[in-house]
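Quick notes on the structure that follows.
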Amino acid sequence: MQPTGRMKKADWLDLGISLLAESGPDSLTIDTACQKAGRSKGSFYHHFETIDAYLLALAEAWRERHTEAVMRQVKDAGTAEDRLEALNIATSLLDQRIDQAIRALAARHPGIAEICTLVDRHRTGFLARLHEEAGTPPETARVLARIEYAAFLGLSILEPASTPAERQALYRHFLALLKR
């Protein structure tokens with residue numbers, strides 16, 4: 001990635017997300033980012049004081065792109081069942097490698113771990129509300145959301161090469177099992 005003109009903060013974040021997906025969290029060094037961008041360290045430091053600041057900004061960008069934007073995308077998709085299906089489709093299209101890389105960073109960075117914890121709570125809360133709106137009793141909806149979210153995270157570990165279509169089909173089977 002070598003944008004023409006001056007690198008903006010968003011360009012550095014896009015680059016970092018790309019590096020996470022392609023090469024994992026160990027690829028996120030200032031030297032690697034600058035080399036990949038074809039820019040000097042001064043350009044990097046213009047936007048981020050430290051690598052820590054960059055990593056935290058990346059985690060916030062991940063939260064926005066992989067959680068908040070997805071929720072905004074599905075919130076007006078019709079009935080609760082329609083929103084659950086829209087959520088299934090939207091989340092199946094996310095690059096699982098990015099989520100895995102952020103979680104790997106969280107294991108060694110307390111600030112990123114805190115962001116992951118907030119994201120996990122927000123995601124399960126959102127999912128529980130959708131299940132409640134679909135007619136599931138509140139306590140059952142909360143438990144179901146936790147189990148469903150754990151399955152979502154686990155699938156990315158167990159089957160990282162699964163396709164969006166495979167993930168969508170598996171989720172539909174999961175919901176069908178619940179209705180039995």
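The values are calculated or read from the model by the stated rules, or taken from the named source; none is laboratory data. The structure presented is a predicted model; accordingly, all values stated were derived computationally and were not measured. All Cβ positions, glycine included, derive from the backbone under ideal geometry; neighbour counts span all protein chains shown.
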Quick one: which residue in Glu114, Glu81 is at pLDDT 95 or above, charged (D, E, K, R), farther than 21 Å from Leu158 by Cα and assigned to a helix (DSSP H, G or I)?
Glu114
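In the set Ala161, Ala90, Ala165, Ala104, which member is within 27 Å of Ala53 (Cα to Cα) and modelled with pLDDT under 95?
Going through Ala161, Ala90, Ala165, Ala104 in turn, the sole match is Ala104.
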Go over the candidates Ala104, Ala150, Ala86, Ala145 one by one and state the one that is in contact with a Gly (Cβ under 9 Å, 6 or more places away or on another chain), of a type outside the set (Asp, Glu), within 14 Å of Phe174 (Cβ to Cβ) and in a helix (DSSP H, G or I).
Ala145
Residue list for the stretch 153-164, filter: loosely packed, with under 12 Cβ neighbours inside 10 Å, without any contact (Cβ under 8 Å) to a residue 40 or more places away in the chain and either in a helix (DSSP H, G or I) or charged (D, E, K, R) (or both):
Gly154, Leu158
Meets criteria (under 12 Å from the mean Cα position of the chain (by Cα), surrounded by fewer than 17 Cβ atoms within 10 Å (Cβ to Cβ) and within 30 Å of Asp26 (Cα to Cα)) for Asp99:
no
Residues satisfying the stated conditions in the stretch 1-49, i.e. surrounded by fewer than 11 Cβ atoms within 10 Å (Cβ to Cβ), part of a loop (DSSP other than H, G, I, E, B) and at pLDDT 90 or above
Glu49
Go through (1) more than 23 Å from Leu13 (Cβ to Cβ); (2) in contact with a Gly (Cβ under 8 Å, 6 or more places away or on another chain) and name the single condition Ala176 misses.
(2)
Need pairs with beta-carbon distance below 9 Å; first residue on the phi < 0 side of the Ramachandran plot and within the stretch 40-53, second polar (S, T, N, Q) and at pLDDT below 90; sequence gap 6+ or separate chains.
Ile51/Thr29
Taking the stretch 131-144 and the residues there that are within 15 Å of Asn88 (Cβ to Cβ) and touching an Asp or Glu at 6+ places or on another chain (Cβ under 9 Å), the one that is surrounded by the fewest Cβ atoms within 10 Å (Cβ to Cβ) would be Ala134
Is it the case that the stretch 78-96 has a residue that's charged (D, E, K, R), surrounded by fewer than 18 Cβ atoms within 10 Å (Cβ to Cβ) and free of Cβ contacts under 8 Å to residues at least 24 places away in the same chain?
yes
